[in-house]
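Colleague: This is the structure I have questions about; it appears just below.
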Amino acid sequence: MKILVLNCGSSSVKFALVETGDAGLLARGLAEPIGAAAGSVSWETRGRFRTTAALPDHSEAIRIALDCLLDPDRGAIRTLAEIEGVGHRMVHGGEHFSGSVAIDEAVLRAIEECAALAPLHNPHNLSGYRASRRLLPAAAQVAVFDTAFHQTLPARAYTYALPHELCARHKLRRYGFHGTSHRYVVQRFAEIQGGAPAAYRLITCHLGNGCSMTAVDRGRSVDTSLGFTPLEGLVMGTRSGDADPGMLLQLMEWEQLSPGRMLSLLNKESGLLGISGISNDMRIVLEHAGGGNERARLAVEVFCYRIRKYIGAYFAVLNGADAVVFTGGIGENAPEIRARACESLEALGIRIDPAKNAAAVGAEMDISADGGATRVWVIPTNEELLIARDTAWCIEESK
Ligand code: ADP
């Protein structure tokens, strides 16, 4: 079954065409920036291609992406009727959705309701859905939520110790994000081991531009580092992760910062970029750290220390773990970060083999030293595949 996967953000549309049978990924591409008179669409099928076009909105970007997929020489399909379903990455499903669903009027209303919780994401995801319904009226439309995997968190993990009435009124709780990526690596880990996800306790580390960790107890997410918003927990490219809320309020007063300004500072000017003053890109920060830049060195150290601390915390949450799994651009490609994040964790049975770690760049591999009781794995994430599989499953269910 051919499934189009759409990930519509504020400034881009990422698309992929997945054959849920053996063929796998048929095409993937990116249209950006949305809103530009001179945007570009790049895509990969048999080769890498690029075209320029005006991209006034998501609808036009998706229309052009479909044209690229239909291109007789550089595309991947002959007619749009080949696309049986569209899987939409939706950032926030609130407490409504613990799994993927075919989008009907009730689902649409619930997603719109959740837009208040993710004002920077859900509206764009929804405009992608509306365009896709218009452009592909015969295809099933399915929503796959970043938050859904974490709906299994127990109250002790999702409750913030704020006045309870306020939490209820504003739906304040830990939702968690990156659920599709965490769920993919959990499923893949189980597949590799030849067991079911229910057989393992895992600590999954998604380290990309955004970073999060999840404690997964026998297939169920029981704690995760991102919270009510995707700002809590680990140090990220430009996001602070954990920071004393009292300090932040004090800073707002001292610097006369509005809530909007503070939000921007925490989301766009902090993290690796904030500490290093150089870049949010781990490759560049590592390069400068290697060259002796003190602030870049500190950024890497804080980044890795925070991961190590969460590994310890989730080890306690799970009362032991079968494996720590690294994924995401940094998790898959940066041996130095994995080595430092797992440093001095012998007490937890975590020991990395330096040669295996160095060899595991963008590859699926067990990088633990012989005898390590807690295995350490690198598993490249594949959110598109999971979204496509969920979409195909929803289509089969509705038949
Ligand atoms: P997103 O969260 O946007 O999907 P990715 O998962 O692609 O992002 O991760 C992007 C991050 O991965 C960037 O910080 C980038 O520097 C980092 N990265 C990619 N390749 C490497 C590498 N070889 N070494 C270190 N970091 C890398």
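Quick note: the coordinates plus some simple rules give every number you see, no bench work behind them. Given the structure is predicted, the values throughout are model-derived calculations rather than measurements. Positions of Cβ are backbone-derived with ideal geometry, glycine not excepted, and every protein chain shown enters the neighbour counts.
Colleague: Using a Förster distance of 35 Å, how high is the FRET efficiency between T79 and E364, based on the Cβ-Cβ distance and rounded to 0.05?
Modeller: Result of the calculation: an efficiency of 0.50.
Colleague: Given just the C-alpha atoms of the chain, how large is their convex hull per residue in cubic angstrom? Walk me through the intermediate numbers first.
Modeller: Numbers: hull volume 63.8 nm³, N = 399.
Hull volume normalised by residue count: 160 Å³.
Colleague: Going by C-beta contacts inside 10 Å, put L17, L263 in order with the fewest on the left.
Modeller: In increasing order of surrounding Cβ atoms, one gets L263, L17.
Colleague: Find the Cα radius of gyration of region 302-396, compare it with 2.2 N^0.38 Å by division, and give the number to two decimals.
Modeller: My calculation over the Cα atoms of region 302-396 gives 1.20.
Colleague: Of the trypsin sites (Lys or Arg not before Pro) in region 47-132, which ones lie in a loop per DSSP and count no more than 10 other C-beta atoms within 10 Å?
Modeller: R78
Colleague: Indicate the gyration tensor shape class of region 202-318 (rounded, prolate or oblate), computed on the Cα atoms with a ≥ b ≥ c the square roots of the eigenvalues: a/c under 1.5 is rounded; otherwise a/b larger than b/c is prolate and the rest oblate.
Modeller: Oblate, since a/c reaches 1.5 and b/c is not below a/b.
Colleague: Another question, if that's okay. Go through region 70-123 and name the GluC sites (Glu not before Pro) that are in a DSSP coil and have 15 or fewer other Cβ atoms within 10 Å of their Cβ.
Modeller: Passing both the DSSP loop test and the Cβ count: E95.
Colleague: Count charges around A131 for me, please; just the other residues with Cβ under 9 Å from its Cβ, Lys/Arg as +1, Asp/Glu as -1.
Modeller: So the environment of A131 carries a net charge of +2.
Colleague: Another one. Compute the Cα gyration tensor for region 330-372, then decide on rounded, prolate or oblate, letting a ≥ b ≥ c be the square roots of its eigenvalues: rounded whenever a/c is under 1.5, prolate when a/b is larger than b/c in the other cases, and oblate in all that remain.
Modeller: Values: a/c = 2.37, a/b = 1.49, b/c = 1.59.
The shape class here is oblate.
Colleague: Related question: Suppose the chain between E105 and A316 were pulled fully straight at 0.36 nm per residue; how much longer would it get relative to their current alpha carbon spacing?
Modeller: 71.7 nm
Colleague: While we're here: Hey, which of these cross-link pairs are over 30 Å Cα-Cα: K268/K309; K268/K356; K171/K268; K309/K356; K2/K268; K14/K268? Working shown, then result.
Modeller: Values: K268/K309 24 Å; K268/K356 35 Å; K171/K268 25 Å; K309/K356 23 Å; K2/K268 37 Å; K14/K268 21 Å.
From K268/K309; K268/K356; K171/K268; K309/K356; K2/K268; K14/K268, over 30 Å: K268/K356; K2/K268.
Colleague: What FRET efficiency comes out for the pair V302/A347, r = Cβ-Cβ distance, R0 = 30 Å, nearest 0.05?
Modeller: About 0.85, to the nearest 0.05.
Colleague: Follow-up question, since we're still on this one. Starting from the Cα of D22, step 7 Å along the direction of its Cβ; do the same at S40; then give the gap between the two resulting points in nm.
Modeller: 3.7
Colleague: For the chain, return all DSSP H helices satisfying: extent of Cα atoms along own axis at least 27 Å; mean Kyte-Doolittle hydropathy at least 0.0.
Modeller: 294-318
Colleague: By counting other Cβ atoms within 10 Å of each Cβ, how are S11, S132, S270 ranked from fewest to most?
Modeller: Starting with the residue having the fewest Cβ neighbours, the order is S11, S270, S132.
Colleague: Please rank L126, L386, L251, L55, fewest neighbouring Cβ atoms within 10 Å first, as an exposure proxy.
Modeller: Numbers: L126 21, L386 24, L251 14, L55 27.
The order, fewest Cβ neighbours first, is L251, L126, L386, L55.
Colleague: Can I ask one more? Would you mind getting the Kirkwood hydrodynamic radius of region 124-206 from its Cα pairs, rounded to one decimal in Å?
Modeller: Details: mean 1/r = 0.0630 Å⁻¹.
Roughly 15.9 Å, rounded to one decimal.
Colleague: Tell me, in nm to one decimal, what length is gained between R220 and T52 on full extension, where the rule is 0.36 nm per residue of separation less the Cα-Cα distance? Each step should come with its number before you reach the end.
Modeller: On the way: separation 168, 0.36 × 168 = 60.48 nm, distance 4.36 nm.
Result for the pair: 56.1 nm of gain on full extension.
Colleague: Could you work out [θ]222 nm for the chain from helices alone, using -39500 (n - 2.57) per DSSP H run of at least four and dividing by all its residues? Round to the nearest 500 deg cm²/dmol.
Modeller: Counting only the DSSP helices, I get -12000 deg cm²/dmol.
Colleague: A further question on this structure: Can you tell me the dipole magnitude for the chain around its Cα centre, using point charges on the Cβ only (Lys, Arg +1; Asp, Glu -1), in Debye to the nearest 20?
Modeller: Values: 40 positive and 45 negative charges, 22 e Å.
Computed about the Cα centre, the dipole is about 100 debye.
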